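Everything on this sheet refers to the single structure shown next.
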Amino acid sequence: MRGARIMGTGRHLPPRVVTNEELTKLMDTTDEWIVQRTGIRERRYAEASVGNCHMGADAARKAIDKAGITPEDIDLVIFATLSPDMYFPGVGVLVQDLLGLRTVGALDVRNQCSGFIYALSVAETFVKGGFHDHVLVIGSEIHSKGLNFSTAGRDVSVIFGDGAGAAVVGPAEPGKGILSTHLHSEGKHAKELCAAEPGFLQNPWLTHEIIDQGRHYPKMNGKYVFAHAVRRFPEVIREALEKNGCAASDLSMVIPHQANERITQAVRDVMELPAEKVFSNIERYGNTTAASIPIALDECLEQGRIREGDLVCLVAFGAGFTWASALVRW
Ligand SMILES: CC(C)(COP(=O)(O)OP(=O)(O)OC[C@H]1O[C@@H](n2cnc3c(N)ncnc32)[C@H](O)[C@@H]1OP(=O)(O)O)[C@@H](O)C(=O)NCCC(=O)NCCS
């Protein structure tokens with residue numbers, strides 16, 4: 001069976017920078033609290049008229065360009081987001097249109113912070129199986145239009161930011177590129193980090209009360225999420241290493257989902273990895289859920305920190321709970 005590799009990456013960050021200081025004008029919080037607990041100093045917010053389709057398409061154009069192919073060559077779009085532009089259809093079809101792609105398949109993935117790795121895993125399978133040659137994988141998120149910016153929502157709203165990242169997955173020699181992907185879920189924790197309403201567990205799915213009572217805002221049991229994340233990140237990195245007969249010391253770079261700098265530090269400590277081998281940019285973008293790994297990967301490559309032959313691990317944990325890893329021989 002042939003391999004599958006990441007041929008090119010791209011990112012789009014909205015130009016508007018929102019500092020912690022700006023948030024202190026909206027809610028009872030401080031720059032010191034946010035930096036100490038999360039490592040975040042600023043994040044980006046999209047303009048009102050900008051959707052995930054626009055940010056995702058921009059990131060995708062750059063990824064296609066770097067892959068050295070054209071939009072004509074794309075055989076499938078996989079779009080990961082928890083903040084879709086429309087309730088339906090999915091964002092993938094909007095990108096198919098914006099990029100002027102052939103009438104190829106467009107698939108949306110709903111796996112929150114693990115969304116990009118879930119999407120990458122689908123792309124890997126299609127390419128390794130010989131079904132498609134070039135799969136476009138996009139992770140994009142707009143949180144800023146759906147957060148509670150009052151003090152009641154401060155635990156969640158200071159963490160999340162907007163952005164998009166993309167990758168083109170194409171064929172590789174066996175043993176090169178994406179070596180394996182590992183996906184997990186444990187739905188009994190679904191309510192610990194969620195936006196449960198509006199939703200079709202009730203009839204009608206949307207009411208005035210939901211909005212009046214602010215029940216449509218995301219909710220998070222921060223300490224609970226933290227405790228599970230610091231266990232699952234190392235566990236799923238080790239699973240990927242073991243599957244491929246590798247050790248943590250073989251890793252050249254780990255690109256974790258940018259959940260929270262303290263979670264990243266815990267992963268570094270548990271895995272006994274030096275700081276320069278665990279990529280972090282949360283300080284500038286906050287947590288962009290499905291977009292965080294492709295944005296980080298694109299920056300990491302741009303900084304020349306990944307070379308041919310390097311062993312790279314992408315790893316994520318998030319709402320669901322879901323968690324996942326991908327081990328890549330660059
Ligand atoms: C959210 C998180 C930063 C909160 O940190 P924490 O140390 O657990 O803080 P707590 O939730 O215990 O809150 C401590 C106090 O700070 C307050 N607080 C919460 N958010 C605040 C904010 N933005 N600014 C100031 N104070 C805040 C709380 O109300 C609480 O006050 P109290 O002691 O008077 O009740 C932390 O739990 C965390 O990082 N969790 C993981 C979140 C995450 O990564 N989510 C994404 C997963 S993909």
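The values are calculated or read from the model by the stated rules, or taken from the named source; none is laboratory data. Quick caveat: nothing in here was measured; it's all calculated off a predicted structure. Heads up, the Cβs are rebuilt from the backbone with ideal geometry, glycines too, and the neighbour counts pull from every protein chain shown. Ligands, DNA and RNA are stripped out before the accessible areas are found, and what is left, the full protein with its side chains, is counted by its heavy atoms. Shrake-Rupley method; radii C 1.70, N 1.55, O 1.52, S 1.80 Å.
Working note: Karplus 6.51/-1.76/1.60 with θ = phi - 60° gives segment 166-176 the couplings 9, 9, 9, 9, x, x, 9, 5, x, x, 10 Hz, where Gly and Pro are set to x. Can you grab the distance from the C-alpha centre of segment 154-171 to the C-alpha centre of segment 1-78, Å, no decimals? Using only Cα atoms to place each centre, the spacing works out to 5 Å. In straight-distance terms, cross-link reach from Lys145 covers every one of the aspartates and glutamates whose alpha-carbon lies under 13 Å from its own, apart from those fewer than eight places away in the same chain; here that gives Glu47, Asp85, Asp162. The modelled label-to-label distance between Glu72 and Asp250, using points 7 Å beyond Cα along the C-beta direction, is 4.1 nm.
For segment 1-65, averaging the sequence separation of C-alpha pairs within contact (under 8 Å, six or more residues apart) and dividing by the residue count gives a relative contact order of 50 percent.
For Ser180, the residues 5 or more places off, or on other chains, whose built amide H falls under 5 Å of its own are Leu327. Taking all protein chains as they are arranged and a probe of 1.4 Å, the heavy atoms of His182 leave approximately 20 Å² accessible to solvent. From the alpha carbon centroid of segment 253-330 to that of segment 87-125 is 21 Å. The stretch between Arg307 and Asp212 holds 29.0 nm of extra length on full extension. This uses 0.36 nm per residue minus the Cα-Cα distance. Net charge of the neighbourhood of Phe131, taken over other residues with C-beta under 12 Å away and scored Lys/Arg +1, Asp/Glu -1, is -1. Please work out whether segment 6-51 counts as rounded, prolate or oblate from its C-alpha gyration tensor, where a ≥ b ≥ c are the square roots of the eigenvalues and a/c under 1.5 means rounded, while otherwise a/b larger than b/c means prolate and anything else oblate? Verdict is oblate for segment 6-51.
Amide hydrogen proximity for His257: with H placed 1.01 Å from N in the peptide plane, the residues at 5 or more positions away or on another chain lying under 5 Å are Val315, Ala316, Phe317. Rounded to the nearest 5, the antiparallel percentage of DSSP beta bridges internal to the chain is 70%. Taken along the Cα-to-beta-carbon direction at a fixed 7 Å, the label points for Glu173 and Val104 span 2.5 nm.
Here's how it looks for Ser83: its modeled amide H is under 5 Å from those of Ile142, which are all 5 or more places away or on a different chain. Within segment 1-114, DSSP assigns beta bridges of which about 40% are antiparallel (rounded to the nearest 5).
Taking each DSSP H run with n ≥ 4 as -39500 (n - 2.57) and averaging over every residue of the chain yields -9500 deg cm²/dmol at 222 nm. Which pairs in the list Lys128/Lys219; Lys176/Lys223; Lys25/Lys219; Lys62/Lys243 are over 27 Å apart, alpha-carbon to alpha-carbon? Result: Lys128/Lys219; Lys176/Lys223; Lys62/Lys243 exceed 27 Å.
Shape class for segment 60-119, computed from the alpha carbon gyration tensor (a ≥ b ≥ c): oblate, with a/c not under 1.5 and a/b at or below b/c. Projected onto planes of every orientation and averaged, the convex hull of the alpha-carbon atoms in the chain covers 16.1 nm².
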